[in-house]
Amino acid sequence: MKGGLKVSQISLILIGFVCASVLLLAYVKSLFLSSSVLPQNHVLQLSPDLRVKDVEALGEGSGSEQSDDSVNFESEKYPTYANSSPVIKVTEELITREEIGGIAPNITEKGDLKDVSDKKTGLIEQEIDVSTAVSSGGEHNENFTATPERQDCNFAKGRWVIDDSQPLYSGFGCKQWLSSMWACRLTQRTDFEYEKLRWRPKNCEMEEFTGVKFLKRMQNKTLAFIGDSLGRQQFQSLMCMITGGKDRPNVLDVGHEYGLVQSRGSARPDGWAFRFPDTKTTILYYWSASLCDLTPINPSDPATDYAMHLDRPPAFLSHFLPRFDVLVLNTGHHWNRGKLKANRWVMYVGGVPNTNRKIATIGGAKNFTIHSIVNWVNSQLPKYPHVKAFYRTISPRHFFNGDWNTGGTCDNTTPLSEGKEVLQDESSDYDAARAVRGTDVKLLDITALSQLRDEGHISRYSIKSTPGVQDCLHWCLPGVPDTWNEILFAQI
């Protein structure tokens, strides 16, 4: 046809169209496949709406209440650990939710406190499954840890939860070890909700305490508490926890091996030591409120003052340290002018009365002593590598509207009325934390978690109470010091 396309031209156009169509189809197919299969190292960032929804599914609470903190998913909400990524990965969330059963330790929660013990069963097996699943994923392996408790865990960061398995012993029992003045079940107190609270660390599991496990772990070993009356409470608490509050006539009093015998004219010995014969486990307490070496300035004078050597450990500690395997030190509440004057303690440094103004103040002297005792213990550890040493941070007081001698009270009986969580990474006991930094002495950090428990003190229910005076320093037992021992057990 004149002016029309020739057959050869039409054929070329059709061939070009077919080729273009084939190429277009191949390109579309490649896009589809690449969007369906992600590379292993690809990270998907969830949208805010999806993140919140998944977090609610992961949370331990009822989900009816959502923390404001749970909505804000900034990277600092997910602390970076060794060999881990601070961003949320879809693969991590799916494995966590399906394999671990809904535990999301990095989320701040303000839901139902009763959701506590149902997730303990089978946790280790589930964690092994997670490790196996992740190991098959190649490079993702470094972002997971099968057993969180094996990480460096900050046991002081977490929350209080209700646990019906608590307490570990009865406040009506344990009379072989527990002083009646601290057994609140024997007083007129009628509220005991505080006994049902258990501490739950935020980013790791704390091993469940049992007397059998403790004695097995401490077989042929000695644990020594050296400190003030709060250290004595921790000692009595541990004895009750090990025995379940039951009488144990076979437990041996071995105080004489350590010179812990009641001298003539004294109300009690300077400490106690007991041995469980089946495992040869020895638990002892020695009273040293200041952690200083105390020596009479004039030994021939019954009314003599005592040199309080701020730079020397107690003679008991320096003598018996080689026999200890676990050492727990504490001091704090005897550092005031009234106590020093009543005990006739005079500050000494370098074997002579202190003249350094920087440590002449109570705060300066206490801080100097804490650093001195920690440094001395640290210097001894290479000689005695079997010793594991802890410095326990200060136990908080809760006097309101005055002090112990000016009408101060702690009448609250509602647990966790001031909150249930500790979110800070640093210890509230700054002096103690700074003293152990860079040493092999570990910090047993109990200050902030105990600060939330003002309802747990002896309060006005003390058997030996004085009218108008409440004990807002010592704790009811069973009670908060049991948690200190659970944290200690998790670290030995």
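Of note:
- Counting the residues of region 427-467 that are farther than 17 Å from G479 by Cα, charged (D, E, K, R) and assigned to a loop (DSSP other than H, G, I, E, B) gives 4.
- One residue alone among T447, T466, T439 is under 13 Å from P396 (Cβ atoms) and out of contact with any strand residue (DSSP E or B) (no Cβ under 8 Å at 6 or more places or on another chain), and that residue is T447.
- The set of residues in region 247-274 that are farther than 19 Å from F324 by Cα, at pLDDT 95 or above and surrounded by 13 or more Cβ atoms within 10 Å (Cβ to Cβ) contains only R248.
- G332 meets each of the listed conditions (1) at pLDDT below 95; (2) open to solvent by 20 Å² or more (accessible area, probe 1.4 Å); (3) part of a loop (DSSP other than H, G, I, E, B) apart from (2).
- Residue in region 440-455 that is touching a residue at least 60 places away in the same chain (Cβ under 8 Å), charged (D, E, K, R) and open to solvent by 40 Å² or more (accessible area, probe 1.4 Å) present: yes
- Count of region 351-394 residues, restricted to those that are more than 24 Å from R437 (Cα to Cα) and either among the aromatic types (F, W, Y) or open to solvent by 50 Å² or more (accessible area, probe 1.4 Å) (or both), is 5.
- Test for V346: is it surrounded by fewer than 21 Cβ atoms within 10 Å (Cβ to Cβ) and of a type in the set (A, V, I, L, M): yes
- Considering residues of region 464-489 that are open to solvent by 10 Å² or more (accessible area, probe 1.4 Å) and out of contact with any helix residue (DSSP H, G or I) (no Cβ under 7 Å at 6 or more places or on another chain) only, the residue modelled with the highest pLDDT: L473
- Some residue of region 308-329 being open to solvent by 30 Å² or more (accessible area, probe 1.4 Å) and over 27 Å from E257 (Cα atoms): no
- Test: residue in region 399-406 that is surrounded by 17 or more Cβ atoms within 10 Å (Cβ to Cβ) and of a type outside the set (S, T, Y): yes
- Residue within region 417-426 that is crowded, with 21+ Cβ neighbours inside 10 Å and either more than 14 Å from the chain's Cα centre (by Cα) or among the polar types (S, T, N, Q) (or both) present: no
- So A146, is it at pLDDT below 50, closer than 30 Å to Y391 by Cα and either part of a helix (DSSP H, G or I) or open to solvent by 20 Å² or more (accessible area, probe 1.4 Å) (or both): yes
- Between T414, T409, the distinction of being touching a strand residue (DSSP E or B) at 6+ places or on another chain (Cβ under 7 Å), among the hydroxyl-bearing types (S, T, Y) and open to solvent by 20 Å² or more (accessible area, probe 1.4 Å) belongs to T409 only.
- Helices (runs of 4 or more DSSP H) wholly inside region 204-321 that include at least 3 residues being in contact (Cβ under 8 Å) with a residue 60 or more places away in the chain and touching a helix residue (DSSP H, G or I) at 6+ places or on another chain (Cβ under 6 Å): 229-243
- When we screen V436, V469, V480 for residues that are of a type in the set (V, I, T), touching a residue at least 12 places away in the same chain (Cβ under 8 Å) and in contact with a Gly (Cβ under 7 Å, 6 or more places away or on another chain), the only hit is V480.
The values are calculated or read from the model by the stated rules, or taken from the named source; none is laboratory data. Fair warning: this is a prediction, and the values are worked out from it, not measured in the lab. Please note: Cβ atoms are built from the backbone with ideal geometry, for glycine as well, and neighbour counts cover all protein chains shown. The area values use the complete protein model at the heavy-atom level, side chains included, leaving out ligands, DNA and RNA. Shrake-Rupley method; radii C 1.70, N 1.55, O 1.52, S 1.80 Å.
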